[in-house]
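Visitor: Following this message is one structure expressed as C-alpha cells.
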Amino acid sequence: MSSDESNGVIEMKEGIANAGFEDGQDGDAGADIYEEVVEPGAAHPQPYAGMPKEVLLLYSGQARYRLPREILFWLTVLSTLALVVVTATVIALSPRCLSWWQASPVYQVYPRSFQDSDNDGIGDLKGIQSRLDHFEYLNVKAVWISPFFKSPMKDFGYDVEDFREIDPIFGTMEDFENLLAAMHDQGLKLIMDFIPNHTSDQHEWFKLSRNRTEPYTDYFIWHDCQNTSLGTVPPNNWVSVFGNSAWQYDAERQQCYLHQFLKEQPELNFRHPDVRREITDVIRFWLEKGVDGLRIDAAKHILEAKHLRDEPQVNPEQPPENVTAYWQLHHDYTTTQLGTHEIIQEWRAVMDEYSREPGRYRFLMTDSYDGGEIEKSMMYYGTPLVKEADFPFNFYLVELLDAMSGNGAFSLVNTWLSNMPKGRWPNWVIGNHDMTRLSSRAGKAYVNVLNMLLLTLPGTPSTYYGEEIGMENVNVTESEIQDPLGKFNVSMNRDPGRSPMQWSSDDNASFSKNKTWLPVHPDYKTVNVETQKNASWSTLRQYRALSLLRTAEPPLHRGWMCLVWSDNNTFAFLRELDGFPAAFLVVLNFGAAATVDLSSALPGVPPQLRLRMSTHHPGSGQLVSLGQVRTETGEGLVLEYAAGHPVHSHPAFQDQCYVSEKACYLSTMGILHSNC
Ligand code: NOJ
Ligand code: MG
C-alpha cells in the first residue's frame, strides 16, 4: 500500500483510492475518519475497499473486540479437542460390526439340483437367478454355490477342466455375471466353491504334464511305479478318499500319479511355485469378477509328505493288501502337512487385498475337517497375528444325526466352542451335498429341532438346500446311481441327498419341465416350498421365523451362549447380552418327551418365561414355568425372559459360557458398546 498525502487520500496498491482514511492522526482518529466515511453526501470517488490493516489493528486491540475474540478462539479449540476425544472414545467403545458372513446363515446351493431354466433336467445358473426371492424369504444373505466350472462331471464339478470357464450345463460366463449382479442388487453375497487341490484329468495342465511338456511336467505328483500284467504296484499304501489305491498308472508317461479322490482328479503339486502362482491367479480372476467369498474344497489334502512313507494302518493286524478303504489308514502323510497353513495364509492375504473397500470383505472358509483331531481343524482359523480361514467348516454336529440325544448335542457343541481359539467365530453344519438328508438320517420328527439348534447357536449356521423344508433322501436304484462314490460303494452313494429342490406340488416339483437328472422325491406333493409357505406353521415357516428372530434379537446374533442342561432327551442353553433387557432360553428335545426342572440350574432367571416360539407351533407368548419345562419328542422351545444379573458372570458358569464378538447393550441409548 502506498499513500498520497497531497490530496489526503490513501491509495491502495492497485490504485484503488480510500477516502475514509487520513494518515498521521492520533487518538480516536479512526472514529473521525469513520464518521467522515458515513457522512451523508460525502463523496466516494472510489468504491469502498475494506478496512486497511492499520485501522483493523486499531479496533481489534480494543477490549470489547479482543475479549469475545479470545473467548471464541478458545471455545473453538476446546470443542475441537472435545470432538476428537468423543470420537476416539466412541471408536474405542464401539464393538466391531458383524460382517455379512457372520450376520446371515450360509445357504448352500447344489447347482445341478436347485432350478432348471432350460429344461434339460439339470439345474443351472439362470435357474438360481430365478429363485433369488427364496433367499429373501429365508432372510438369508450369503449363498454358497457348489462348483459350476467347466468339467467332465466325473465328480459333478469337483473335477475342474478349466478354472476360468463355466460349464455349458450350467450356462455361460454372461449368465454367471448376470447372476452375480442380480445377487448384489438384492444385497446377497455369492460364495464360490473353489477346488485347488486337484483338477480333472481333462485339464490342459494335466494333459501337458502327462507328456512332460514344460513347464507342466511337475504340476502334478508323479512317481515311478511298477506296472505289470498283474496290475500296478503303487509307490506306497496310500488310499483314496473314494476307496482303493491313491495311485494311478499312466501309460503315456509311464509313471503313477497321485489322486486323493477319483482317478480322474489328479492332485496338483503345491510344492511347485508355478502351481502356487497359477492357483493364486485363478483366485484373483474370480475376486476381480466380484465374487464375495470362497469355500476351499479339500483344503487339508493340499500337500502330501514328500517322503511317501506308508501311512499307519488303523488295524495293524490287517493284511496290507486288504487295505482299500480310506478309514483303514491314519492319514498322517496325506492331510494337513507342514506348509498347508502357509498356503491358506497366502490366499487369505490375496483376499485381503480385495477386501479394502467398505462392505467388500471377501470371506474364506475351508473344507478341512479332521475328524477326531479337533486341534488340527482349529488351526485353519489361523493365529491372532496371521489370518487364515474366517472359519473352517464344523462338521461335529453331524455326529448327532446318528445318535440323537440331549447329552450328545451338549457335548458336540461344547467340543467346538471349548476348542475354538478365543474370539473366533463358530459355525455349524448339519447337512451338505456329501451327506444324507436330516429327515432320513435323524428322522422326520427331528428336522425342526435340528434347524432350531442351528439357528439359535452362536455363530454362522450353514443350511444345505432343501433342509429348510425337510426334504428326504430319494431312492435311487443301483442301476440309476450317478455318484462315482456310489458306484464304488453303494452304501456311500451321495445321490439320495442331491435330488431336485421341491418348489411346488406341480410336475417335477417345478424344478424342471423334463426328466430330471435324479428323481424328484415322491413326497414333493406335500413337502414343497409353496405348500409350506401357505401353511400356518411348517418347517419352512419355522426356518424363516428363526432366521428373522436371529437378526432382530441382539442376544441371539452376538450374545453370550451358556450351556445350561443336558440329559438323554433334553439339551438347553441360554443366550444373553449384557445390558439387554431380554434373554433367551433354548430348550431342545432330541429324545423322548420329557419335563425338566431348570430352576436350580439357572441362578437369577425368573420362574416364569414367555414362549417365543416352538418347533410345533408359532408360539403365542404363553407362560412356561422354569421349574417344569416340557418338550415333546423333537420339540424345541425358544423362551424369553427379562434379563437380570447375567448368568455368564455367575461363578458356577465360568466354564460353560462363550462369546465371540463381545458387546454390551446400553438400553438408555439403544446402542451396543464394548466397555464390558
Ligand atoms: C469334498 C467335496 O465336498 C466332495 O463333494 C468332493 O467329491 C471332494 N471334495 C473332492 O473334490
Ligand atoms: Mg493334494
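Visitor: Filter the stretch 160-184 down to the residues that are part of a helix (DSSP H, G or I) and charged (D, E, K, R), then identify the one that is surrounded by the most Cβ atoms within 10 Å (Cβ to Cβ). Talk me through it step by step, then tell me what you get.
Guide: Initially, the stretch 160-184 is screened for residues part of a helix (DSSP H, G or I), giving 173-184.
The next check asks that each one be charged (D, E, K, R); those that pass are 174-175, 177.
On the way: Glu174: 10, Asp175: 19, Glu177: 14.
It comes out as Asp175.
Visitor: Turning to a different aspect of this structure: Where residues in the stretch 218-231 are within 14 Å of ligand 2 (Cβ to nearest atom) and under 15 Å from Gln254 (Cβ atoms), which of them is surrounded by the fewest Cβ atoms within 10 Å (Cβ to Cβ)? Reasoning before the result, please.
Guide: Here is the first cut: in the stretch 218-231, the ones within 14 Å of ligand 2 (Cβ to nearest atom) are 218-223.
Next cut, under 15 Å from Gln254 (Cβ atoms) only: 220, 222-223.
Values: Phe220: 26, Trp222: 22, His223: 13.
Going through the qualifying residues, I end up with His223.
Visitor: Condition (residue is under 21 Å from Asn493 (Cα atoms) and either modelled with pLDDT of 95 or more or away from ligand 2 (no atom under 16 Å from the Cβ) (or both)) applied to the stretch 406-417: is it met by at least one residue?
Guide: No, the stretch 406-417 contains no residue that is under 21 Å from Asn493 (Cα atoms) and either modelled with pLDDT of 95 or more or away from ligand 2 (no atom under 16 Å from the Cβ) (or both).
Visitor: Which members of the stretch 110-130 meet the condition of being of a type in the set (Asp, Glu) and surrounded by 24 or more Cβ atoms within 10 Å (Cβ to Cβ)?
Guide: Taking the stretch 110-130 as the starting set, the residues that turn out to be of a type in the set (Asp, Glu) are 116, 118, 120, 124.
Across the stretch 110-130, the qualifying residues are Asp116, Asp124.
Visitor: Follow-up question, since we're still on this one. Would you point out the residue of the stretch 297-320, among those that are within 16 Å of ligand 1 (Cβ to nearest atom) and acidic (Asp, Glu), that is nearest to the chain's Cα centre (by Cα)?
Guide: Asp297
Visitor: Sticking with this structure for a sec: Condition check: within 16 Å of ligand 1 (Cβ to nearest atom) and either under 30 Å from Pro554 (Cβ atoms) or free of Cβ contacts under 8 Å to residues at least 60 places away in the same chain (or both). Does Val109 satisfy that? I'd like the intermediate steps shown before the answer.
Guide: Working: within 16 Å of ligand 1 (Cβ to nearest atom): yes; either under 30 Å from Pro554 (Cβ atoms) or free of Cβ contacts under 8 Å to residues at least 60 places away in the same chain (or both): yes.
Spelling it out, Val109 is indeed within 16 Å of ligand 1 (Cβ to nearest atom) and either under 30 Å from Pro554 (Cβ atoms) or free of Cβ contacts under 8 Å to residues at least 60 places away in the same chain (or both).
Visitor: Another question, if that's okay. For the stretch 280-290, check the following and say yes or no: at least one residue is within 35 Å of the chain's Cα centre (by Cα) and assigned to a loop (DSSP other than H, G, I, E, B).
Guide: First, pick out the residues of the stretch 280-290 that are within 35 Å of the chain's Cα centre (by Cα): 280-290.
Those still in the list that are assigned to a loop (DSSP other than H, G, I, E, B) too: 290.
Yes, the stretch 280-290 contains a residue that is within 35 Å of the chain's Cα centre (by Cα) and assigned to a loop (DSSP other than H, G, I, E, B).
Visitor: Which of the residues belonging to the stretch 254-279 are in a strand (DSSP E or B) and either closer than 19 Å to Gln345 by Cα or in contact with a Lys or Arg (Cβ under 6 Å, 6 or more places away or on another chain) (or both)?
Guide: Correct list: Leu268 only.
Visitor: Which number in (1) closer than 30 Å to Gln108 by Cβ; (2) in contact with a helix residue (DSSP H, G or I) (Cβ under 8 Å, 6 or more places away or on another chain) marks the one condition that Trp222 misses?
Guide: Every condition holds for Trp222 apart from (1).
Visitor: Another one. As an exercise: evaluate Thr460 against (1) modelled with pLDDT under 95; (2) surrounded by 23 or more Cβ atoms within 10 Å (Cβ to Cβ) and give the number of the one condition it does not meet.
Guide: Among (1) modelled with pLDDT under 95; (2) surrounded by 23 or more Cβ atoms within 10 Å (Cβ to Cβ), the lone unmet condition for Thr460 is (1).
Visitor: What's the number of the condition Val233 fails, among (1) away from ligand 1 (no atom under 16 Å from the Cβ); (2) within 28 Å of Ile343 (Cα to Cα); (3) not aromatic (Phe, Trp, Tyr)?
Guide: If we test Val233 against (1) away from ligand 1 (no atom under 16 Å from the Cβ); (2) within 28 Å of Ile343 (Cα to Cα); (3) not aromatic (Phe, Trp, Tyr), just (2) comes out false.
Each row is one residue, and each column tells you yes or no for (1) out of contact with any strand residue (DSSP E or B) (no Cβ under 6 Å at 6 or more places or on another chain); (2) buried (at least 20 other Cβ atoms within 10 Å of the Cβ); (3) of a type in the set (Ser, Thr, Tyr); (4) touching a residue at least 60 places away in the same chain (Cβ under 8 Å).
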| site | (1), (2), (3), (4) |
| --- | --- |
| Asn489 | yes, no, no, yes |
| Pro500 | yes, yes, no, yes |
| Phe511 | yes, yes, no, yes |
| Asn514 | yes, no, no, yes |
| Glu530 | yes, no, no, no |
| Ser547 | yes, yes, yes, yes |
| Thr551 | yes, no, yes, yes |
| Asp567 | yes, no, no, yes |
| Asn589 | no, yes, no, yes |
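Visitor: So, Asn269, is that one under 30 Å from Gln115 (Cβ atoms) and free of Cβ contacts under 8 Å to residues at least 60 places away in the same chain or not? Show your work before the answer.
Guide: Working: under 30 Å from Gln115 (Cβ atoms): no; free of Cβ contacts under 8 Å to residues at least 60 places away in the same chain: yes.
Judged against the criteria, Asn269 is not a match.
Visitor: Would you call Thr334 within 16 Å of ligand 1 (Cβ to nearest atom) and hydroxyl-bearing (Ser, Thr, Tyr)? Give the derivation first.
Guide: Numbers: within 16 Å of ligand 1 (Cβ to nearest atom): yes; hydroxyl-bearing (Ser, Thr, Tyr): yes.
The answer is yes for Thr334.
Each row is one residue, and each column tells you yes or no for (1) buried (at least 17 other Cβ atoms within 10 Å of the Cβ); (2) outside the structural domain of Asn407 (by TED's automatic domain parsing); (3) free of Cβ contacts under 8 Å to residues at least 12 places away in the same chain.
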site: Thr595; (1), (2), (3): no, yes, no
site: Ser599; (1), (2), (3): no, yes, no
site: Pro603; (1), (2), (3): no, yes, no
site: Leu609; (1), (2), (3): yes, yes, no
site: Pro618; (1), (2), (3): no, yes, no
site: Gly621; (1), (2), (3): no, yes, yes
site: Val624; (1), (2), (3): yes, yes, no
site: Arg630; (1), (2), (3): no, yes, no
site: Glu640; (1), (2), (3): yes, yes, no
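Visitor: I'm trying to understand the selection: among the residues of the stretch 185-209, which are assigned to a loop (DSSP other than H, G, I, E, B), within 26 Å of the chain's Cα centre (by Cα) and either acidic (Asp, Glu) or within 16 Å of ligand 2 (Cβ to nearest atom) (or both)? Even if it seems obvious, please write down each step before you answer.
Guide: We begin by selecting, within the stretch 185-209, every residue assigned to a loop (DSSP other than H, G, I, E, B); these are 186-188, 195-197, 199-203.
Filter once more, so that each one left must be within 26 Å of the chain's Cα centre (by Cα): 186-188, 195-197, 199.
Residues satisfying the conditions are Ile195, Pro196, Asn197, Thr199.
Visitor: If I ask for residues that are assigned to a strand (DSSP E or B) and more than 16 Å from ligand 1 (Cβ to nearest atom), which ones from the stretch 244-253 would you list? Steps first, answer last, please.
Guide: Keep residues of the stretch 244-253 that are assigned to a strand (DSSP E or B), which gives 245, 247-250.
Matches in the stretch 244-253: Ser245, Trp247, Tyr249, Asp250.
Visitor: Related question: Glu468 versus (1) within 30 Å of Ser649 (Cα to Cα); (2) within 23 Å of the chain's Cα centre (by Cα); (3) of a type outside the set (A, V, I, L, M): which is the lone unmet condition?
Guide: Status for Glu468: all satisfied but (1).
Visitor: Restricting to the stretch 286-296, and then to whatever is crowded, with 21+ Cβ neighbours inside 10 Å and of a type in the set (D, E, K, R), can you tell me which residue is farthest from ligand 2 (Cβ to nearest atom)?
Guide: Of everything passing the filter in the stretch 286-296, Asp292 is farthest from ligand 2 (Cβ to nearest atom).
Visitor: So how many residues does the stretch 140-159 have that are over 20 Å from Val282 (Cβ atoms) and not in a loop (DSSP other than H, G, I, E, B)?
Guide: 2
Visitor: Could you tell me whether any residue of the stretch 166-183 is more than 16 Å from ligand 1 (Cβ to nearest atom) and closer than 27 Å to Leu549 by Cα?
Guide: yes
Visitor: Of the residues Pro234, Pro215, Pro196, which is buried (at least 22 other Cβ atoms within 10 Å of the Cβ), on the phi < 0 side of the Ramachandran plot and either out of contact with any strand residue (DSSP E or B) (no Cβ under 7 Å at 6 or more places or on another chain) or modelled with pLDDT of 95 or more (or both)?
Guide: Numbers: Pro234 fails: buried (at least 22 other Cβ atoms within 10 Å of the Cβ); Pro215 fails: buried (at least 22 other Cβ atoms within 10 Å of the Cβ).
Exactly one of Pro234, Pro215, Pro196 is buried (at least 22 other Cβ atoms within 10 Å of the Cβ), on the phi < 0 side of the Ramachandran plot and either out of contact with any strand residue (DSSP E or B) (no Cβ under 7 Å at 6 or more places or on another chain) or modelled with pLDDT of 95 or more (or both), namely Pro196.
Visitor: Condition test on Leu294, is it within 16 Å of ligand 1 (Cβ to nearest atom), in contact (Cβ under 8 Å) with a residue 12 or more places away in the chain, not hydroxyl-bearing (Ser, Thr, Tyr) and not assigned by TED's automatic domain parsing to the domain that holds Asn236?
Guide: Details: within 16 Å of ligand 1 (Cβ to nearest atom): yes; in contact (Cβ under 8 Å) with a residue 12 or more places away in the chain: yes; not hydroxyl-bearing (Ser, Thr, Tyr): yes; not assigned by TED's automatic domain parsing to the domain that holds Asn236: yes.
So Leu294 fits the description; yes.
Visitor: Does the stretch 196-206 contain any residue that is out of contact with any Ser or Thr (no Cβ under 6 Å at 6 or more places or on another chain) and without any contact (Cβ under 8 Å) to a residue 12 or more places away in the chain?
Guide: no
Visitor: OK, next. State yes or no: is Asn227 more than 16 Å from ligand 1 (Cβ to nearest atom), in a strand (DSSP E or B) and not aliphatic (A, V, I, L, M)? Lay out the reasoning, then the answer.
Guide: Working: more than 16 Å from ligand 1 (Cβ to nearest atom): yes; in a strand (DSSP E or B): yes; not aliphatic (A, V, I, L, M): yes.
Yes, satisfied.
Visitor: Which residue is farthest from ligand 1 (Cβ to nearest atom), if the candidates are limited to the stretch 468-504 and must be among the small types (Gly, Ala, Ser) and at pLDDT below 95?
Guide: The first filter runs over the stretch 468-504 and keeps only residues among the small types (Gly, Ala, Ser), leaving 470, 479, 486, 491, 497, 499, 504.
Retained after the next criterion (residues that are at pLDDT below 95): 479, 486, 491.
On the way: Ser479: 22, Gly486: 11, Ser491: 16 Å.
Ranking the candidates gives Ser479 first.
Visitor: Filter the strands (runs of 3 or more DSSP E) completely within the stretch 563-632 down to those with at least 1 residues that are in contact with a Leu (Cβ under 7 Å, 6 or more places away or on another chain).
Guide: Working: elements: 570-576, 582-589, 594-596, 608-614, 623-625, 629-631.
Strands (runs of 3 or more DSSP E) meeting the threshold: 570-576, 582-589, 608-614, 623-625, 629-631.
The values are calculated or read from the model by the stated rules, or taken from the named source; none is laboratory data. These numbers come from a predicted model, not from an experiment. When we count neighbours, we look across all protein chains shown, and the Cβ atoms used for this are built from the backbone with ideal geometry, even at glycine.
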